[in-house]
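Some notes on the structure that comes next.
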Amino acid sequence: MSKRIGIYLGGLALTALGIAIIILSLIGAGPWDTVAVGLNMHAGLTIGTWSIITQVIFTVITWIIEKTRLRIESVIPILIRSVFLDIWFYFVLRNVDFSSSWELQWGSFVAGLIFAGVGIGIYMEANLPKTPIDGMMVAISNRFGWSFNIVRMGIEGTGAVIGFILGGPVGLGTLVIALLLGKIIQVVNNRMKRIMKVSNTTVSF
């Protein structure tokens, strides 16, 4: 259990680091992060706080799709991730300038994208509560038989439209995230499934 918790927290911390770096790269934030940034610009509160509020809505949507109980425990990972996000964004990286050159911007953006995708792919395999958006991705995938990649593209595309309306940092990077994040998650998650399967088999002997 302690190993699963470690994987879970590590994955969420890595995801939050990726999100913070992407936002600071100024290339264009993740679709739903643009929503949180846009709301932060208009109504204050931290980006992490708005992430919690917006993803609570995803919990309700997932409940409607799955037609089961309201998975209130899904708030746990978004609380953890949002705390990590605010720590990375407002404290650890607050004096770091990722926009001084286009090479640094794109380099940091790509690094952030990889961190976020790998983090999500890792923590999802811990079999502990998933963040609302990831839970909704899995619910839609299971309901309709679509791949994580296709489902994630649809979810992120919707976020990009809302973020644009709110005046959030929608840019070329937003499109790249919408197209590639789901693929990274799929690849990493498949790898993690094999690793966890081997690990559990070894332990059972």
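Observations on the model:
- Helices assigned as whole DSSP H runs in the chain whose Cα atoms extend at least 20 Å along their own long axis and whose mean Kyte-Doolittle hydropathy is 0.0 or higher are found at 2-25, 47-66, 102-123, 148-166, 172-204.
- Remark: spin-label model distance residue 103-residue 195 equals 3.1 nm, labels positioned 7 Å along the Cα→Cβ axis.
- Short-range pairs are left out: with C-alpha atoms under 8 Å and at least six residues apart, the relative contact order of the chain is 36 percent.
- Long pairs among 130/183; 67/183; 3/183, criterion Cα-Cα beyond 21 Å: 67/183; 3/183
- Cβ-placed point charges (K, R +1; D, E -1), dipole of the chain about Cα centre in debye, nearest 20: 800 debye
- Heavy atoms of residue 172: accessible area, 1.4 Å probe, square angstrom to 10: 100 Å²
- The Kirkwood hydrodynamic radius of segment 1-64, based on inverse pair distances between different Cα atoms, is 13.2 Å.
- Over the C-alpha atoms of segment 47-166, the Rg to Rh ratio, Rh being the Kirkwood estimate, stands at 0.99.
- In segment 135-187, the inverse of the mean reciprocal separation of distinct Cα atoms equals 11.4 Å; this is its Kirkwood hydrodynamic radius.
- Counted without the sites themselves, the longest stretch of the chain free of trypsin sites (Lys or Arg not before Pro) in a DSSP loop having at most 14 other beta carbon atoms within 10 Å is 95-205.
- Along each principal axis, Cα extent of the chain, largest first, Å: 54, 35, 27
- Per residue, the chain exposes an accessible area of 49 Å² to a 1.4 Å probe, with every protein chain left in place.
- The listed residues 89, 58, 84 rank as 84, 89, 58 when sorted by accessible area, largest first, using a 1.4 Å probe.
- Residues considered: 181, 104, 14. Largest GNM mean-square fluctuation over the chain, using C-alpha springs under 10 Å, is found at 104.
- Among 38, 48, 61 the positive-end extreme of the charge dipole of the chain (Cβ point charges): 61
- For the chain, carbon and sulfur atoms together expose 71% of the accessible surface, with a 1.4 angstrom probe and every protein chain in place.
The values are calculated or read from the model by the stated rules, or taken from the named source; none is laboratory data. This structure is a prediction, so every number in the text was calculated from the model and none was measured. Don't worry about glycine lacking a Cβ; one is built from the backbone with ideal geometry, like all the others, and counts go over all protein chains shown. Keep in mind that these areas ignore ligands, DNA and RNA; they rest on the heavy atoms of the full protein, side chains included. Shrake-Rupley method; radii C 1.70, N 1.55, O 1.52, S 1.80 Å.
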